[in-house]
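Here is the structure we will look at.
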Ligand SMILES: [Zn+2]
């Protein structure tokens, strides 16, 4: 989707989405003056609700409370090494060996991990025998409207995402992690993305709540400010349908924690806007269950990219699975000291590859998107002006964040 054209020119995801929203809603209801022709309730929840109603989502979302949650977080040792009893490279572990179905799943997963190969790098790469992230599972779903052919990842990554989402739902039972694009089945260029080429990248939408009631709000690509606040603006020209939302930092931390603690696949980068990094670190101090080492790792691997600012989702990039490095997978820079230690431990070279780019993707500039949006009401205008203040990456002075 337009919104996830990473490391590209200035881009306004919200505007593009809102343009889409207006388009879809126009198809659903006759648009009149503000307040006269209201979209149906479902559509008022956002762009994706409108998409869902037209695209016949295969199965209902279901009640998160029904989920049986494996102890995924416990499967991962906090200091980055595999937990006792969990083979290296198998972050997933086995949730419940007494269940034959789980044992079969574990065997299938192990075979898939062995078959999956990431080659090249995120901006110029391929994926062999990747697996598809299911449309939904314990604690997660793929974002409605995202194309299933962009939902393939390295088996290690897909397994880790599923486990982390399950762990998150055990902490925050009424939330669901919503995933955007991963990669194509064979890798290569994913339209709208400059990376995502070899099965080791994924976009994660913010878990959100209604600002007032704190009830869960479906994750959309909504840009958030330094307070973690934003709006689903709905009809851009109409202030009446705006819904204020806030980031659910606890749910996001519950999802990130097991990923940040894993050695395979190891998180190489979290791309997100600096003000949201600051907010998440402040929120981390209020979560007694959160492993300090996960927070330390988060501090190290988070950076705001050159553009766009990643204020409407977080992009996770993983290092190469160790087994793939000899098969041509190239680690991105930087190689942190802990990564160098892991590589050294298995006799692999401790170096990052120079970045290459393959393939072209269309991007939309902020100015283009704003022009295309047509009429927008004053609050949207003000938010977009405010958004400019955090659109350029700050000079943090931190190592590894240029
Ligand atoms: Zn991305």
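In table form, for the structure just shown:
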| quantity | calculated |
| --- | --- |
| Considering residues of the stretch 210-223 that are more than 16 Å from residue 145 (Cα to Cα) and crowded, with 22+ Cβ neighbours inside 10 Å only, the residue farthest from the ligand (Cβ to nearest atom) | 217 |
| Single residue of 155, 165, 160 found to be closer than 22 Å to residue 115 by Cβ, more than 16 Å from the ligand (Cβ to nearest atom), crowded, with 24+ Cβ neighbours inside 10 Å and within 14 Å of the chain's Cα centre (by Cα) | 160 |
| Qualifying residue in the stretch 259-268 (condition: in contact with a strand residue (DSSP E or B) (Cβ under 8 Å, 6 or more places away or on another chain), within 24 Å of residue 376 (Cα to Cα) and within 16 Å of the ligand (Cβ to nearest atom)) | no |
| Listing of helices (runs of 4 or more DSSP H) fully contained in the stretch 269-340 that carry 3 or more residues being buried (at least 20 other Cβ atoms within 10 Å of the Cβ) | 274-284, 292-301 |
| So residue 240, is it within 30 Å of residue 374 (Cα to Cα), surrounded by 24 or more Cβ atoms within 10 Å (Cβ to Cβ) and more than 14 Å from the chain's Cα centre (by Cα) | no |
| Conditions (1) under 18 Å from residue 360 (Cβ atoms); (2) at pLDDT 95 or above; (3) within 11 Å of the ligand (Cβ to nearest atom); number of the one not met by residue 182 | (1) |
| Residue count for the stretch 225-237, restricted to those that are touching a strand residue (DSSP E or B) at 6+ places or on another chain (Cβ under 9 Å) and crowded, with 22+ Cβ neighbours inside 10 Å | 5 |
| Checklist (1) in a loop (DSSP other than H, G, I, E, B); (2) buried (at least 23 other Cβ atoms within 10 Å of the Cβ); (3) within 13 Å of the ligand (Cβ to nearest atom) applied to residue 191, failing item | (2) |
| Qualifying residue in the stretch 301-309 (condition: in contact (Cβ under 8 Å) with a residue 12 or more places away in the chain and away from the ligand (no atom under 16 Å from the Cβ)) | no |
| Output for the stretch 361-383, where each listed residue is modelled with pLDDT under 90 and not in a loop (DSSP other than H, G, I, E, B) | 366, 367, 368, 369, 370, 371, 372, 373 |
| Entirely in the stretch 93-167, the strands (runs of 3 or more DSSP E) that have 2 or more residues that are closer than 14 Å to residue 203 by Cβ and modelled with pLDDT of 95 or more | 140-142 |
| Failed criterion for residue 358 (all others in (1) out of contact with any strand residue (DSSP E or B) (no Cβ under 7 Å at 6 or more places or on another chain); (2) within 30 Å of residue 222 (Cα to Cα); (3) modelled with pLDDT under 95 hold) | (1) |
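For (1) within 16 Å of the ligand (Cβ to nearest atom); (2) modelled with pLDDT of 95 or more, each residue gets a yes or a no:
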position: 170; (1), (2): no, yes
position: 233; (1), (2): no, no
position: 254; (1), (2): no, yes
position: 273; (1), (2): yes, yes
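The values are calculated or read from the model by the stated rules, or taken from the named source; none is laboratory data. Computed from a prediction, not measured in an experiment: that's the story for all the values here. Here Cβ is always computed from backbone atoms with ideal geometry, including for glycine, and neighbour counts include all displayed protein chains.
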